[in-house]
Each structure stands twice: as structure tokens, then as C-alpha cells.
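> Take a look at this one; I'll ask things after.
No lab work stands behind these numbers, since they all come straight from the coordinates. Being a predicted model, the structure only gives us computed values, none of them experimental. Heads up, the Cβs are rebuilt from the backbone with ideal geometry, glycines too, and the neighbour counts pull from every protein chain shown.
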Ligand SMILES: [Zn+2]
Ligand SMILES: [Zn+2]
């Protein structure tokens with residue numbers, strides 16, 4: 001594992017700015033990985049799966065440290081709106097969930113009263129605060145389905161209505177028809193006609 005400062009420099013580049021969320025995400029991932037016995041995420045990348053619970057700043061840093069990515073299926077996003085992530089060692093089944101403590105913000109803001117910029121003060125505090133003050137950590141078990149794991153697609157079928165291919169069992173069955181989620185009524189978009 002790299003140091004906090006090394007990760008922070010990389011995070012500033014890939015995320016576009018350095019912010020309290022980057023520091024929090026880096027520390028969250030370092031703590032989570034250490035707790036499941038993964039010391040070198042670059043080497044153990046294939047063993048590792050991470051589930052993030054928010055689509056905000058910290059998530060980019062979690063992805064940076066773990067090397068887990070959406071496109072590799074090793075990063076899962078569950079939209080629970082919480083600054084929390086679960087780190088799973090696929091080999092041993094060991095997993096921990098690390099959640100940022102709500103009172104860490106208040107503590108952080110009080111730590112560096114001399115720094116007038118609130119966000120900067122928070123960032124500096126997050127660098128030095130104890131893990132116990134920043135996070136709650138619990139050992140957990142995560143049930144993962146084979147069709148959710150990295151690797152080649154487990155199945156691929158065409159939608160009977162739109163004809164688009166559907167991977168990994170995400171199809172719906174309506175009577176005897178196999179449909180994609182959109183055609184089965186879960187479409188999140190509306191087509192726009194040319195005269196609109
Ligand atoms: Zn940010
Ligand atoms: Zn369809």
C-alpha cells in the first residue's frame with residue numbers, strides 16, 4: 001500500500017481536486033483493506049471487491065486505492081446515500097464495512113480553528129484524526145451471486161421486444177417472453193421524437 005500523501009497526490013489528479021472527501025475515501029479504503037488482510041491492492045486486485053454506498057467525492061478515492069472499478073465489476077454502487085464502503089476478499093470471504101462517523105465532521109471542524117477555510121480545516125483534520133474518530137468498522141458477510149462477480153458474462157440473451165442483448169441474468173420474464181428491464185416497464189428514459 002502507498003502512503004496517505006502518495007494517494008492524495010494521485011487522487012488530486014484523477015478526481016480533479018483535493019477535497020475532504022478524497023482524504024476520507026483514501027483512509028476508509030486503507031483501513032478496510034488492512035482489516036481484511038490485503039496489504040498490496042495492486043497485487044491482490046483480483047481477490048478484491050468493493051461496494052460503495054454513495055456517488056460522491058469519497059467514492060473516487062476508494063476506487064483509486066482499491067483499484068476496484070465499475071468496468072471490471074469489482075466496484076459495486078448501491079445507492080444508499082451513505083459515506084460507507086464494504087471491502088470483500090473474494091478468496092477468504094472476509095469482509096468489513098467501514099462507515100464515516102457523522103460526528104467526525106463536527107470534531108474535524110473544531111480541530112484547526114486557525115484555518116479560516118472550513119473545507120481546508122476539515123481536510124487537514126481528516127489527515128490526522130484517529131481511525132476510531134473517523135469511522136465505524138464492522139466485520140460482515142456479503143452474499144454475492146455468481147452473476148455479479150468479475151469474469152466473463154455468465155449468460156446473454158436477446159430481448160424479445162427491442163432485440164438488445166442482456167448479460168448476466170438481468171432479463172425479466174413476462175409470461176413466456178424474455179424482456180430487458182426497459183421493455184418490462186423499468187425504463188428510466190423516454191425516447192424523444194424529432195418534432196419535440
Ligand atoms: Zn471532491
Ligand atoms: Zn428490450
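> Once you have the Cα-Cα distance between residue 130 and residue 184, take 0.36 nm times their residue separation minus that, and quote the gain in nm to one decimal.
Using 0.36 nm per residue and subtracting the Cα-Cα distance, I get 14.6 nm.
> Can you give the convex hull volume per residue for the Cα atoms of segment 146-196, as a whole number of Å³?
114
> Continuing with this model, one more query. Which angle from 0 to 90°, rounded to the nearest 10, does the C-alpha axis of helix 57-66 make with the longest principal axis of the chain?
Taking Cα atoms only, the helix is inclined about 90 degrees.
> State, to one decimal in nm, how far the label point of residue 137 lies from the label point of residue 17, with both points 7 Å from Cα in the Cβ direction.
3.0
> If you count the DSSP beta bridges with both ends in the chain, what percent of them are antiparallel, to the nearest 5? Write out the running numbers ahead of the final one.
Details: 22 of 25 bridges.
So the antiparallel bridges in the chain amount to around 90 percent.
> Follow-up. Hey, what angle do you get for helix 4-15 against the long axis of the chain, alpha-carbon based, 0 to 90 degrees rounded to 10?
Roughly 40 degrees between the two axes.
> With n ≥ 4 as the cut-off for DSSP H runs, can you work out [θ] at 222 nm for the chain, using -39500 (n - 2.57) per run divided by the number of residues, rounded to the nearest 500?
Taking each H run of at least 4 residues, the total per residue is -9500 deg cm²/dmol.
> To one decimal place, what orientation-averaged projected area in nm² is obtained for the convex hull of the Cα set of segment 60-196?
14.0
> I've got another one for you. Order 130-142, 17-29 from most to least packed using the mean count of other Cβ atoms within 10 Å.
The packing order, highest mean first, is 17-29, 130-142.
> Can you sort 64, 78, 179, 90 by how many other beta carbons sit within 10 Å, fewest first?
So the residues, fewest neighbours to most, are 78, 90, 179, 64.
> Rg (Å, one decimal) plus Dmax (Å, integer) for the alpha carbons of segment 1-67?
Computed over the Cα atoms of segment 1-67, radius of gyration and Dmax are 10.9, 30 Å.
> Report, to the nearest 10°, how far helix 20-35 tilts away from the longest principal axis of the Cα atoms in the chain, using its own Cα long axis and a range of 0 to 90°.
80
> Any chance you could list P(r) for segment 1-123, counting all Cα-Cα pairs in 10 angstrom bins from zero, rounded to whole %?
14, 45, 32, 8, 1
> Can you give me the distance in nm between label points at residue 111 and residue 170, each placed 7 Å from the Cα along the Cα-to-Cβ direction?
Modelled inter-label distance: 3.9 nm.
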